[in-house]
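Here's the structure, in structure tokens; my notes come after.
The values are calculated or read from the model by the stated rules, or taken from the named source; none is laboratory data. Keep in mind that this is a model prediction, so the values were computed, not measured. Here the Cβ positions follow ideal geometry from the backbone for every residue, glycine too, while neighbour counts run over all protein chains shown.
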Amino acid sequence: MLIGELAERAGTTTRALRYYETQGLVRPARSASGYRVYDEAELRVVREIRSLLAVGFGLDDIRPFVACLRAGNTSGHVCPDSVAVLRRKLAEVDAGIERLHAVRQELREQLAHAIAQREETCLRLRHTR
């Protein structure tokens, strides 16, 4: 398949595919006339790239998954390097969730304090009238 068909089937753009190629993630063959030609294996690689990008992985994080697919595995998630990336990413997400919980608690406390101060001010104003 040519680059336009691959882009359509993978739900991306030809520009993105060319970028993935410059990054060494996608490896098209070349026709006699120089056109990029892709097979089903490259479609699988591009779909893997797109799904990992969609959940926040960077291209460097994606490399082990692509290598795993290129090694003949049915999934890019089964190789040790991919598992290591998944563990690291999960730890990052867990840390982010913990930070967000702390921020939420701080906001709740600030809101409660603001409401209490507002009510005190309103009560004082009523009594001074």
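Note on the range 36-54: residues that are more than 21 Å from LYS89 (Cα to Cα) and either free of Cβ contacts under 8 Å to residues at least 24 places away in the same chain or of a type in the set (Ser, Thr, Tyr) (or both) total 2.
Going through the range 99-126 one residue at a time, which ones are under 35 Å from the mean Cα position of the chain (by Cα) and hydroxyl-bearing (Ser, Thr, Tyr)? Walk me through it before giving the result.
In the first step, residues of the range 99-126 are kept if they are under 35 Å from the mean Cα position of the chain (by Cα); the result is 99-111.
Across the range 99-126, there are no qualifying residues.
Conditions tested, residue by residue: (1) in contact (Cβ under 8 Å) with a residue 24 or more places away in the chain; (2) assigned to a helix (DSSP H, G or I); (3) buried (at least 16 other Cβ atoms within 10 Å of the Cβ); (4) touching a strand residue (DSSP E or B) at 6+ places or on another chain (Cβ under 6 Å).
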{"residue": "GLY56", "(1), (2), (3), (4)": "yes, no, no, no"}
{"residue": "PHE65", "(1), (2), (3), (4)": "no, yes, yes, no"}
{"residue": "GLY76", "(1), (2), (3), (4)": "yes, no, yes, no"}
{"residue": "LYS89", "(1), (2), (3), (4)": "yes, yes, yes, no"}
{"residue": "ALA95", "(1), (2), (3), (4)": "no, yes, no, no"}
{"residue": "GLN105", "(1), (2), (3), (4)": "no, yes, no, no"}
{"residue": "GLN117", "(1), (2), (3), (4)": "no, yes, no, no"}
{"residue": "CYS122", "(1), (2), (3), (4)": "no, yes, no, no"}
{"residue": "HIS127", "(1), (2), (3), (4)": "no, yes, no, no"}
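Go through GLY56, GLY34, GLY96 for me and flag whichever is within 15 Å of the chain's Cα centre (by Cα), modelled with pLDDT under 95 and within 30 Å of THR12 (Cα to Cα).
Numbers: GLY34 fails: within 15 Å of the chain's Cα centre (by Cα); GLY96 fails: modelled with pLDDT under 95.
Among GLY56, GLY34, GLY96, only GLY56 is within 15 Å of the chain's Cα centre (by Cα), modelled with pLDDT under 95 and within 30 Å of THR12 (Cα to Cα).
When GLU106, GLU92 are screened for being farther than 26 Å from ALA16 by Cβ, among the acidic types (Asp, Glu) and out of contact with any Lys or Arg (no Cβ under 9 Å at 6 or more places or on another chain), only GLU106 passes.
If you check SER33, SER51, SER82, which single one turns out to be part of a loop (DSSP other than H, G, I, E, B) and hydroxyl-bearing (Ser, Thr, Tyr)?
Values: SER51 fails: part of a loop (DSSP other than H, G, I, E, B); SER82 fails: part of a loop (DSSP other than H, G, I, E, B).
When all the criteria are applied, what remains is SER33.
Close Cβ contacts (under 7 Å, 6 or more residues apart or on different chains) running from residues in the range 15-35 that are under 16 Å from GLY4 (Cβ atoms) to residues that are in a loop (DSSP other than H, G, I, E, B) comprise LEU17/VAL26; TYR20/VAL26; GLU21/PRO28; PRO28/TYR38.
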